[in-house]
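**Student:** Structure in structure tokens, see below.
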Amino acid sequence: MEVIVRSNAEQTAQLAALFIAKQIRQKPNLVLGLATGRTMERIYAILVQMHHNDDLDFSKCHTFNLDEYIGLPTEDHNSYRSYMNHHLFKQVNIDINNTHVPNGMAADVTHEGKRYEEAIKKVGGIDLQLLGIGETGHIGFNEPLSSLMSRTRDKSLTPKTRQQNAEMFGGDPNKVPSRAMTMGVGTILEARSILMVALGSSKAAIVAKAVEGPITSMISASALQLHSSCKILLDEDAASELAGREYYDWVFQNEPEYESYR
Ligand code: F6R
């Protein structure tokens with residue numbers, strides 16, 4: 001795991017977009033795992049700019065989103081399918097048939113979980129998984145006590161997560177769906193590389209626990225410590241409770257891999 005800290009949210013999003021763009025240019029048929037939420041909005045906006053200004057080509061990419069609310073039809077403006085169409089898919093040259101979001105309206109959620117896992121397998125697995133982190137430590141919607149080996153399935157959201165996402169539902173946490181389909185922690189860990197991004201002081205305590213604390217199913221993001229190719233990209237506020245900061249900065253300044261990004 002490598003932790004990279006940038007001075008503000010804009011620089012963090014710029015670097016995340018550069019990492020993603022580099023992988024797309026190296027492998028045009030990249031399989032991308034995608035996240036939604038506020039953290040991702042600016043990253044997608046920069047990728048859209050790169051598509052228009054620097055020929056970043058999504059035409060051969062496949063994408064798999066982490067999660068979707070249960071009970072929201074795709075056309076609902078709060079569905080994660082709507083979010084993705086709006087922020088990325090409709091603004092770049094991706095083939096919409098190659099974009100995948102779990103079906104939150106599936107009558108049989110167990111079958112939907114299996115179908116989603118099969119679809120990921122069929123394209124050869126995820127090359128780069130993009131993640132945010134929730135205040136409960138969730139990645140995807142893997143709330144506390146999610147098995148570290150879990151696969152795509154339905155999951156109950158915690159009151160804290162419903163509160164965190166209430167803003168999009170007119171400020172009322174009771175309007176946030178109580179369940180979601182989500183890739184499992186085990187599914188996420190199978191991605192060949194992972195990029196987790198966190199912004200702001202509300203994430204500082206949970207980021208420190210996930211990165212420097214023990215691996216525990218109480219904090220799903222702590223399972224990322226098990227992954228051999230995982231970058232954690234933070235702004236100053238989200239990094240403010242990390243104990244090992246000096247070493248992380250030294251690595252970023254000295255590793256040849258990061259030379260072109262410094
Ligand atoms: C969304 C997802 C979640 C979010 C997390 C952070 O698809 O999987 O894990 O990444 O809740 O959300 P924001 O960025 O809104 O703070």
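**Student:** Hey, among the residues in the range 77-91 that are more than 17 Å from residue 52 (Cβ to Cβ) and assigned to a loop (DSSP other than H, G, I, E, B), which one's least open to solvent (accessible area, probe 1.4 Å)?
**Tutor:** Looking only at the range 77-91, we keep the residues that are more than 17 Å from residue 52 (Cβ to Cβ), and these are 77-85.
With the extra rule that they be assigned to a loop (DSSP other than H, G, I, E, B), the set shrinks to 77-79.
On the way: 77: 145, 78: 24, 79: 0 Å².
Within the range 77-91, the match that is least open to solvent (accessible area, probe 1.4 Å) is 79.
**Student:** A follow-up question, please. Return the total of residues in the range 170-193 being of a type in the set (Asp, Glu) and under 30 Å from residue 125 (Cβ atoms).
**Tutor:** If we filter the range 170-193 for residues that are of a type in the set (Asp, Glu), which is where we start, we get 172, 190.
Now drop any that are not under 30 Å from residue 125 (Cβ atoms), which leaves 190.
Residues meeting the conditions: 1.
**Student:** Another one. If only one of 195, 224, 199, 233 is open to solvent by 20 Å² or more (accessible area, probe 1.4 Å) and farther than 17 Å from residue 160 by Cβ, which one is it? Talk me through it step by step, then tell me what you get.
**Tutor:** Values: 195 fails: open to solvent by 20 Å² or more (accessible area, probe 1.4 Å); 224 fails: open to solvent by 20 Å² or more (accessible area, probe 1.4 Å); 233 fails: open to solvent by 20 Å² or more (accessible area, probe 1.4 Å).
Result: 199 is the single residue among 195, 224, 199, 233 that is open to solvent by 20 Å² or more (accessible area, probe 1.4 Å) and farther than 17 Å from residue 160 by Cβ.
**Student:** Please identify the pairs in which a residue from the range 154-176 that is under 26 Å from residue 114 (Cβ atoms) has its Cβ atom under 9 Å from the Cβ atom of a residue that is modelled with pLDDT of 95 or more and exposed (fewer than 12 other Cβ atoms within 10 Å of the Cβ), counting only partners at least 6 apart or on another chain.
**Tutor:** Final answer for the pair search is 154/110.
**Student:** Out of all the residues in the range 20-47, which are more than 16 Å from the ligand (Cβ to nearest atom), of a type outside the set (S, T, N, Q), assigned to a helix (DSSP H, G or I) and open to solvent by 20 Å² or more (accessible area, probe 1.4 Å)?
**Tutor:** Scanning the range 20-47 gives 22, 25.
**Student:** Tally time: how many residues in the range 103-128 are in contact with an Asp or Glu (Cβ under 9 Å, 6 or more places away or on another chain), buried (at least 17 other Cβ atoms within 10 Å of the Cβ) and closer than 18 Å to residue 189 by Cα?
**Tutor:** Residues meeting the conditions: 3.
**Student:** Among the helices (runs of 4 or more DSSP H) contained in the range 92-207, which hold 2 or more residues that are within 12 Å of the ligand (Cβ to nearest atom)? It would help to see each step written out before you state the result.
**Tutor:** On the way: elements: 109-122, 159-164, 185-189.
The qualifying helices (runs of 4 or more DSSP H) are 159-164, 185-189.
**Student:** Look at residue 58 and say whether it is more than 16 Å from the ligand (Cβ to nearest atom), under 15 Å from residue 130 (Cβ atoms) and not small (Gly, Ala, Ser).
**Tutor:** Judged against the criteria, residue 58 is a match.
The values are calculated or read from the model by the stated rules, or taken from the named source; none is laboratory data. Not measured: the values here are computed from a predicted model. So basically every Cβ, Gly included, is an ideal-geometry build from the backbone, and we count neighbours across all protein chains shown. Accessible surface areas use protein heavy atoms only, side chains included; no ligands, DNA or RNA. Shrake-Rupley method; radii C 1.70, N 1.55, O 1.52, S 1.80 Å.
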